[in-house]
Every structure is written in structure tokens, then in C-alpha cells.
Amino acid sequence: MKSYSIALIPGDGIGRDVTDATWTVLETVAKQSGFVLTGTEFPWSCRFFKETGRMMPEDGIETLHGFNAILFGAVGWPAEVPDFVSLHGLLLPIRKAFVQYANIRPHRLLPGVTGPLRAENFDILCIRENTEGEYSGAGGRVHQGTLDEVAVETSIFTRAGVERILRFGFEQARTRRGKLASVTKSNAQKYSMVFWDEITRKLSADYPDVDVTTYHVDALAARMIMAPQSLDVVVASNLFGDILTDIGAAIQGGLGYAASANINPDRSAPSMFEPVHGSAPDIAHLGIANPIAAIWSGAMMLDHLGETAAAGRVMKAIEATTARGIGTTAGKDSTDAITAAVVAALN
Ligand code: IPM
Ligand code: MN
């Protein structure tokens, strides 16, 4: 029987609730489909930081390397640990160390979910560059606290980094409706973004079957609201992709439905699957977090592991659940009730 080792990092706040929910669903589908998932949990979180002074142990990355995939809940507890500390101590180093350069985020309305737009029939796949660009972490501050203080934060775009994310976007477009939107701001940022546009143009020769359009990020943001059905695959830099995928989450009904996969396409290290949402301290411990974004991310994990049929079954079960109106109104159904409904739909 096929077996997969999964590192579970529930993290903080509702990360715990939604990871448990996802694991329940995944174990059910594994049993039905005839493969084994072995979960090993790591308590790395802001609480761990308070106890040890680190978000994860020094050999954390090394430990995770041996797993087939990572299922991640949410990280952050700003009342106790500043976000820039918790994020740069756990989530961001994993994405970078494991070269999870493609952050994939699907944006479409699940049946029964009402979004804020009149448009309903959109199906967008955002692909966000996940290891460099504006979030490279290159910079510094000098003369801190004085009137002469200077802060610089440099965006780093490498040919290898831009080329691989664009190729990934072209390949995805091929498997979908054949349309790629490449997002920059090359009218204002004349080095990195012109570079990105040039590489888009160069690569398009290798994908004559893909219809590629370059957009400025401000125009694309408006298009996601005014004409989302006109978009198929959207590929963007780290910062632009971060912002656009929050718009994507909003138009699909909210963060409770926004799934994501941090993919290492070369499979030289594990990929990581996490809902887009954070730890939501305001509703932590209330048992009302919507687990659908996390469960959908779990389906993306199965897909990545090659368990395509099981992934499809989980998606069908999620859709059957929301179609019945379960998990479609914020705070109405408990995390457990939504999870039970997804499990029932699998059975
Ligand atoms: C996301 C989040 C993170 C990011 C934050 C928490 C660092 O907003 O996954 O979209 O920007 O990558
Ligand atoms: Mn974000």
C-alpha cells in the first residue's frame, strides 16, 4: 500500500482547528482510497517561541526535509510575538529553503457560496512567485531612531527565478483554458518589471498555444472585480501576488474558502499546503473557524502527491457540503459540523 509521511504544523489560533479538520477528512479519504497518510505533528508556533526563543528548532528545516509534504495551519499571535518575527521564523524560511517557488491559489465560487460580485462564473488560478522579488528580505536600517534614519528594502528578481515562475504559469495555462495574464508594473518600475515583461515575451515563443496578455497590477486588480470571468491563469511577483490573492479570496466569498499550495515543482524538497487565512485570534478557541480553505488545501496536497482521484473526491465532498448551505454563512456552522458534513459526503 502506498504511504505518505506528512509533517503537520497547526501553528497558532485557528490553525489548530482547521488542521485537525483537514486531517480528519484526509484520513477518511485515504482509508477509502487505499493509501496511508502518517502524520507527525510539530508544535512550532508563537507559544513555542515564548518557551524556546525560536519559532522552530535550529534543525527544523532539516527535520522537515524528510517528509513527503507539509500541512500548515496558520502562524501569528501578534499580542505576544510581532508578526515580522513569527513569519520570518517559520512560514517564510520554509517557503524559501524548500524552493517552493510557486504559490498556487485557486479563486472560484463554491456552489452555495455567495460572493460580493454580480459575476459568478469565474475560475482564476493565481500563481504567485514565492521565494524572491519584493519579499527577498534584502535590506537594512541605518541610524535607527535618529532623524537621519534610512530604511531600504531591495526587490531581487533573478532571471532564473522569473523564468521558472513564468514557465510554471504557461504550463498551468496549457492544462486549463490556455490564457495567461502576466502581471507587472513596468510603466513605473523600469528595471525589474521591464525585465519580467521581456522574459514573458521571450518565453511566449515556446508556448504558441497559450494566449498571453501583460497587465499592470493596478489594472489587473480592477479587472478581478469588474471582469473576473475574463481571467484564467494569473502570474505575478511575490508582493503583487500576495495582494491580488486577497482580492481573489474576497471575490470567492472570503478567506474561509481561499486555499493555497506552496509548490516545489522540481520535487527536490517537500511542498507545503496551507489556507491563505491567518490565525484569526478574534475567533480562536470558539470552534467556528471555517475549515474549507484548509480542506481544499489538503485536496491540493493529495493532488501533488499523485493521489488525483482522492483529491477529486475531497473537492466533490466540499462542493456537496457547501451546496447544502453548510459552511456558507460566517459563524453559522461550527468547524466540527462542517468537517462532519464533508466526511459524510465522502461516505
Ligand atoms: C500569505 C500571507 C503571508 C505572505 C504573510 C503572513 C507573510 O499574507 O500567505 O498571503 O505574505 O506570504
Ligand atoms: Mn497574503
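The values are calculated or read from the model by the stated rules, or taken from the named source; none is laboratory data. These figures come from a predicted structure and were not determined experimentally. All Cβ positions, even for glycine, are placed from backbone atoms using ideal geometry, and neighbour counts span all protein chains on display.
For region 253-288, which positions are more than 24 Å from GLY306 (Cβ to Cβ) and away from ligand 2 (no atom under 16 Å from the Cβ)?
GLY253, PRO281, ASP282, ILE283, ALA284, HIS285, LEU286, GLY287, ILE288
It is to be established whether one or more residues within region 41-63 are surrounded by fewer than 23 Cβ atoms within 10 Å (Cβ to Cβ) and within 21 Å of GLU307 (Cα to Cα).
no
Across region 294-309, what is the number of residues that are touching a Leu at 6+ places or on another chain (Cβ under 7 Å) and either farther than 19 Å from SER271 by Cβ or surrounded by fewer than 24 Cβ atoms within 10 Å (Cβ to Cβ) (or both)?
Going through region 294-309 one residue at a time, the tally reaches 0.
Per-residue answers, yes or no, for (1) over 27 Å from VAL183 (Cβ atoms); (2) part of a helix (DSSP H, G or I):
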residue: VAL234; (1), (2): no, no
residue: ASP242; (1), (2): no, yes
residue: GLY253; (1), (2): no, no
residue: ALA299; (1), (2): no, yes
residue: ALA309; (1), (2): yes, yes
residue: GLY331; (1), (2): yes, no
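Just a yes or no: is a residue in region 99-107 in contact with a strand residue (DSSP E or B) (Cβ under 6 Å, 6 or more places away or on another chain) and more than 27 Å from ILE338 (Cβ to Cβ)?
For region 99-107, residues in contact with a strand residue (DSSP E or B) (Cβ under 6 Å, 6 or more places away or on another chain) and more than 27 Å from ILE338 (Cβ to Cβ): present.
Does GLY248 qualify as being within 14 Å of ligand 1 (Cβ to nearest atom), farther than 15 Å from LEU71 by Cβ, in contact with a strand residue (DSSP E or B) (Cβ under 8 Å, 6 or more places away or on another chain) and part of a helix (DSSP H, G or I)?
In short, yes.
What about PHE168, is it surrounded by 18 or more Cβ atoms within 10 Å (Cβ to Cβ), modelled with pLDDT of 95 or more, aromatic (Phe, Trp, Tyr) and within 16 Å of ligand 1 (Cβ to nearest atom)? Even if it seems obvious, please write down each step before you answer.
Working: surrounded by 18 or more Cβ atoms within 10 Å (Cβ to Cβ): yes; modelled with pLDDT of 95 or more: yes; aromatic (Phe, Trp, Tyr): yes; within 16 Å of ligand 1 (Cβ to nearest atom): no.
For PHE168, the condition - surrounded by 18 or more Cβ atoms within 10 Å (Cβ to Cβ), modelled with pLDDT of 95 or more, aromatic (Phe, Trp, Tyr) and within 16 Å of ligand 1 (Cβ to nearest atom) - is not met.
Cβ-Cβ distance below 7 Å, separation of 6 or more or different chains: which pairs start in region 272-285 with a residue that is under 18 Å from ASP246 (Cα atoms) and end on one that is of a type in the set (Asp, Glu) and away from ligand 1 (no atom under 11 Å from the Cβ)?
From residues that are under 18 Å from ASP246 (Cα atoms), the pairs are SER279/ASP12.
If a residue must be more than 30 Å from ALA227 (Cβ to Cβ) and either aliphatic (A, V, I, L, M) or touching an Asp or Glu at 6+ places or on another chain (Cβ under 8 Å) (or both), how many such residues does region 84-121 contain?
Qualifying residue count, region 84-121: 9.
Scan TYR101, TYR135, TYR191 and give me the residue that is touching a Lys or Arg at 6+ places or on another chain (Cβ under 8 Å) and among the aromatic types (Phe, Trp, Tyr).
Values: TYR135 fails: touching a Lys or Arg at 6+ places or on another chain (Cβ under 8 Å); TYR191 fails: touching a Lys or Arg at 6+ places or on another chain (Cβ under 8 Å).
Within the list TYR101, TYR135, TYR191, the selection yields TYR101.
Cβ-Cβ distance below 9 Å, separation of 6 or more or different chains: which pairs start in region 236-249 with a residue that is under 20 Å from ILE199 (Cβ atoms) and touching a residue at least 40 places away in the same chain (Cβ under 8 Å) and end on one that is surrounded by 23 or more Cβ atoms within 10 Å (Cβ to Cβ) and acidic (Asp, Glu)?
That search, which allows pairs on different chains as well, returns ALA236/GLU129; SER237/GLU129; ASN238/GLU129; PHE240/GLU129; GLY241/GLU129.
Regarding region 131-146, can at least one residue be identified that is in contact with a Gly (Cβ under 6 Å, 6 or more places away or on another chain), farther than 26 Å from GLY254 by Cα and either outside the structural domain of VAL233 (by TED's automatic domain parsing) or touching a residue at least 24 places away in the same chain (Cβ under 8 Å) (or both)?
yes
Could you grab me the full set of residues in region 3-18 that are over 20 Å from ILE61 (Cβ atoms) and outside any strand (DSSP E or B)?
GLY13, ILE14, ARG16, ASP17, VAL18
Given (1) within 28 Å of ASP303 (Cβ to Cβ); (2) out of contact with any Gly (no Cβ under 8 Å at 6 or more places or on another chain); (3) assigned to a loop (DSSP other than H, G, I, E, B), where does GLN32 come up short, assuming only one miss?
(3)
Hey, does region 138-159 have a residue that's surrounded by fewer than 21 Cβ atoms within 10 Å (Cβ to Cβ), in a helix (DSSP H, G or I) and away from ligand 2 (no atom under 15 Å from the Cβ)?
yes
Cβ-Cβ under 9 Å, sequence separation 6+ or interchain: first residue in region 190-202 and exposed (fewer than 15 other Cβ atoms within 10 Å of the Cβ), partner assigned to a helix (DSSP H, G or I) and at pLDDT 95 or above. Which pairs?
Partner pairs satisfying both residue conditions: LYS202/GLU163.
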